[in-house]
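Step one of this worksheet: look at the structure below.
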Amino acid sequence: MKERYGSIVDVHLVLRREGKVLLAKRLNTGFGDGCFNLPSGHLERGESVIDGVIREAKEEIGIVVEPAALRFLHVMHHRGGSGDARIGFFFEAERWEGEPTNLEPDKCGGLVWADPDTLPENTVSYPAAGIAQCQSGAPFSVDGWDR
């Protein structure tokens, strides 16, 4: 019998202000340290992608996002250099309560607002590809797979 396929599910939050997107600088995580990433995280067991992105927004940057304020942007089937597969859901918060603040200084070296069309060179490739797809309006992409 063939082994059932499994994948990590990630949720990514796109916040926009004055044409820029919010990025967080990774720190002490063991992956991509010193590089920028969207506020994001893994989906937890029993959690919907909506609940997951709302939880991550509150935990990482201290904002409250209501489900009705989320807009689906993109889903990406991604495979990184280690071969691990991920499915990433990208949502935009059209409004939120609170000011984005770094609530995880042990894992985040700071927050920056960046131009989504000219991201910092040290942006993690997975979210950078997702942001590019969101900018183009594409609802789905495959990234990191040999075709």
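Every helix of 4 or more DSSP H residues in the chain counts as -39500 (n - 2.57), and over all residues that averages to -5500 deg cm²/dmol at 222 nm. Counted by Cβ distance under 12 Å from Ala128, the other residues give a net charge of -3, where Lys and Arg count +1 and Asp and Glu count -1. Neighbour counting of Cβ atoms within 10 Å sorts the residues Lys2, Lys107, fewest neighbours leading, into Lys2, Lys107. Each Lys and Arg contributes +1 and each Asp and Glu -1, all at the Cβ; summed about the Cα centre of the stretch 8-143, the dipole is approximately 180 debye. Could you pull out the longest piece of the chain with no exposed loop chymotrypsin sites (Phe, Trp or Tyr not before Pro) in it, calling a site exposed if DSSP puts it outside H, G, I, E, B and it has at most 10 other Cβ atoms within 10 Å? In the chain, the maximal stretch lacking such sites is 32-144.
Report, for the stretch 30-147, the % of DSSP beta bridges that are antiparallel, rounded to 5. Approximately 65 percent, going by the DSSP bridge assignments.
GluC sites (Glu not before Pro) within the stretch 83-147: which are DSSP loop residues with at most 14 other Cβ atoms inside 10 Å? Those that pass, being in a loop and sparsely packed, are Glu94, Glu121. Distant-in-sequence amide contacts of Leu27, defined by a placed amide H-H separation under 5 Å and a gap of 5 or more residues or a different chain, comprise Gly34, Cys108, Gly109. Note on the chain: with a GNM built from Cα contacts shorter than 10 Å, the maximum mean-square fluctuation among Pro39, Pro100, Pro127 falls on Pro100.
Among residues other than Glu92 whose Cβ falls under 9 Å from its Cβ, what is the net charge (Lys/Arg +1, Asp/Glu -1)? That sum, taken over residues with Cβ under 9 Å, equals +1.
Coordinate-derived values only; no laboratory data. Everything quoted here is computed from the prediction, not taken from an experiment. As a convention, Cβ positions derive from the backbone with ideal geometry for all residues, glycine included, and neighbour counts pool all protein chains shown.
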